[in-house]
Amino acid sequence: MTLAIDVQQLTKVYNGRIRALDGIDLEVKAGHIFAFLGPNGSGKTTLMRILTTQFRPTSGQASSFGLDVVRDSAEVRKIIGYVPQETSVWADISGFENLLIYSKIYGVPSGRRKKAVRQALQRMGLEEVATNMVKTYSGGMVRRLEIACALLVEPRILFLDEPTIGLDPSARKAVWQNLTSFKKEHGTTVFFNTHYMDEADLYSDEIAIINRGKIVKSGTASELKQSLRSEILRFYSEDGNNVDERTLNDIRDLSMVSNATLHGPRLDVAVEDGERALPLIIGVLSRAGFTFSRISSAKPSLDDVFLRYAGQINFKEGGDDL
Amino acid sequence: MTVNDSFREMFAMIELEMRRLRHDRTEIYTRAIQPILWLGVFGSVMSQVNAIPTGGIPYIDFITPGVLLQSTIFVSVFYGLTIVWERETGILKRLLVAPASRYATVIGRSIASGVRAVVQALIIFPVALLLGVRFIPNPFYILAAFLVLFLVSGGFAAISIFVASVMKTRERFMGLGQALIMPLFFASNALYPIKMMPPALQYIAVMNPLTYAVDAVRGLMISGDVSRLAIDMTAIIIFDIVVFTVASLNFRKIIE
Ligand SMILES: Nc1ncnc2c1ncn2[C@@H]1O[C@H](COP(=O)(O)OP(=O)(O)OP(=O)(O)O)[C@@H](O)[C@H]1O
Ligand SMILES: [Mg+2]
């Protein structure tokens, strides 16, 4: 099966100085929803702009369904839909008119046009404001209109650069429900950039994390979380007796433990695999004579994954916070 | 990219402009004020002086073609501002990712601007009539004159789009736009015959597409002398082809 997106050794250097992409390799399977995560300025938009044929990479290759984004750019443009990070609708005409103009640019046949426009409006919950001027829309309505414009033409791949930025939680949820049902209906591949970890977690089939122009980690959400091999076990002291320094060091010396810190009467231990580490830790603690009333464990969230691979905070050396 | 696709794209761009115009006509009215002052005040006063050899035509009639052209070209030259604004938002990125050729996009938008410019001229035209300007009473001549207005405005819109794709920011664009338009007007036969100019300026006037446009429109609307129409039209069409091509070649760079 051809890949929806295939990127090999892609680099982009702006103005001979700024290395925005530094050897990207990436594969997206057809029909998948792919989330591209990364901090500000890490190169997400740059990659999307190359994939949408806006400019050429400095070196390397990228293709969509076997079409090269440089050589076959005109063909690529026929199969993609795109919502840029910035506002991309005309503010001095109505939402309906925006959709109508787009449907004409994309050559939606006149017989289907009206229906397609109406469907797109309905899908994004914009029927009531369809005939109002876009400049009277709220930020969330504008974003929904932009997505509606992109869905209208039923692309094979949909590129969304931070699609839900500025949307309230319920609007975000509604947009994603619509996107997923659209994807189910049409088999569309979706590639989106985001800062929202929960979105990537809930709606993506696969995730890649980019930092400083390099992909630092990729996989499914659960693979990424497991890859941290980090779980935090919390031991709550019964009598308020703090663990002494020597015991703390003994715990740190256990092979499965990456760190252990005290937070008042609470002992936090970061481990790779909680189920196997727990008996060992309890062993050390009971030999030293400490008892605990409660033990809890916190599995890593995608936020932790992001911070681990793209954030400045380092888990192993983390001082106060584990 | 088939011819069909390109036409579709062009028509969509024209429709966009018409819809915009329908929602907000104030700009068209405010931009009519200046040319009306040129005719009503400058033209009327200078008509009394008889200082300029116009070949027996009242001065206000003599400058009407130039003023019409100036007002339409004004619309075109500042059309680039729309493009700069669309660049600042994501509109152009999105448009350039659509399956349309850059030629269709640039020509479509230039034509759209040309249509807008003709609407502008249509507002000034009746005012000129009221001010007593005597037009050649031949509807075909008048129609042909408007076609010239349209072709020239479209060309200047393409220049403006080109400038927008080079300058990229509003401030730089405004600077150049202002610097361009008045010299263009003065270094043409819009306000006085070329023969009256100093030789250096005459040379510029001969290279100025506005000169040919004024000559054509003046022949069709005012003097009825269309002996040079073929030359004028050739010059205008060459001008259009050159600027459309140059603007299209550069257009994708605007989003870089
Ligand atoms: N047109 C450009 N010219 C020069 N440098 C650019 C351009 N666009 C982006 N950059 C630089 O390239 C780097 C990557 O930027 P990019 O916009 O791809 O990041 P991003 O991951 O999308 O960030 P954000 O989350 O803030 O949108 C940054 O250092 C940015 O300053
Ligand atoms: Mg970005």
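Derivation of every value follows stated rules applied to the coordinates shown; laboratory data play no part. No experiment lies behind these values; they were computed from the predicted model shown. Positions of Cβ are backbone-derived with ideal geometry, glycine not excepted, and every protein chain shown enters the neighbour counts.
Using only atoms on other chains, find how many Cβ atoms lie within 10 Å of each Cβ of peptide A:46-59 and report the average.
2
How charged is the neighbourhood of B:Ser110? Take every other residue with its Cβ under 11 Å from the Cβ of B:Ser110, and add Lys/Arg as +1 and Asp/Glu as -1.
Spelling it out: positives minus negatives among the neighbours equals 0.
For a paramagnetic label modelled at 7 Å from the Cα of B:Ser44 toward its Cβ, which residues of the range B:128-151 fall within the zone defined by backbone nitrogen distances under 19 Å?
B:128-135
Provide the percentage of antiparallel DSSP beta bridges, counting only those with both residues in the protein assembly as shown; round to the nearest 5.
Once the DSSP bridges in the protein assembly as shown are tallied, antiparallel ones form about 70 percent.
Each residue of the range B:179-186 in order: what ³J(HN,Hα) in whole Hz does its phi give by Karplus 6.51 cos²θ - 1.76 cosθ + 1.60, θ = phi - 60°, with x for Gly and Pro?
For the range B:179-186, the Karplus-derived couplings read 5, 8, 6, 5, x, 4, 5, 6 Hz, x marking Gly and Pro.
So if R0 is 56 Å, what FRET efficiency would B:Ile142 and A:Val216 give, r being the distance between their Cβ atoms, rounded to the nearest 0.05?
E between B:Ile142 and A:Val216, to the nearest 0.05, is 0.25.
Once each part is reduced to its C-alpha centroid, what is the distance from the range A:88-118 to the range B:1-22 in angstrom?
12
Which lysines have a Cα lying under 29 Å from the Cα of A:Lys184, excluding residues fewer than 8 positions away in the same chain?
Leaving aside lysines fewer than 8 places away in the same chain, those within reach of A:Lys184 are A:Lys29, A:Lys44, A:Lys78, A:Lys104, A:Lys114, A:Lys115, A:Lys173, A:Lys217, A:Lys225, B:Lys93.
Aspartates and glutamates near B:Lys168 by alpha-carbon distance under 19 Å, same-chain residues fewer than 8 away left out - which ones?
Reachable aspartates and glutamates: A:Glu86, B:Glu86, B:Glu88, B:Glu256.
Would the range A:49-114 count as rounded, prolate or oblate if I go by the C-alpha gyration tensor, calling it rounded below 1.5 in a/c and otherwise prolate when a/b exceeds b/c, oblate otherwise?
oblate
Run the quick spin-label model on A:Arg112 and A:Met133: label points 7 Å from Cα toward the beta carbon, then report their separation in nm to one decimal.
3.4
Given a Förster distance of 22 angstrom, what is the FRET efficiency for A:Asp72 paired with B:Val166, based on the Cβ-Cβ distance and rounded to 0.05?
Between A:Asp72 and B:Val166 the formula returns 0.20.
Give me a single rounded figure for A:85-97: the average over its residues of other chain Cβ atoms within 10 Å of their Cβ.
5
Compare A:Val13, A:Val28, A:Val269 in a GNM of chain A, Cα atoms joined below 10 Å, and give the one with the largest fluctuation.
A:Val13
How do A:Trp90, B:Trp85 rank when sorted from fewest to most other Cβ atoms within 10 Å of their own Cβ?
B:Trp85, A:Trp90
Can you give the net charge of the other residues whose Cβ lies under 12 Å from the Cβ of B:Ile57, counting K and R as +1 and D and E as -1?
After counting each charged neighbour, the total is 0.
Using a 10 Å cut-off on Cβ atoms, rank the peptides B:157-165, B:129-137 from the highest mean neighbour count down.
B:157-165, B:129-137
Karplus couplings for the range B:71-82 from phi (6.51 cos²θ - 1.76 cosθ + 1.60, θ = phi - 60°), rounded to Hz, Gly and Pro as x?
Residue by residue, the range B:71-82 yields 5, 6, 5, 4, 4, 5, 4, 8, 5, x, 5, 4 Hz.
Give me a single rounded figure for B:95-108: the average over its residues of other chain Cβ atoms within 10 Å of their Cβ.
4
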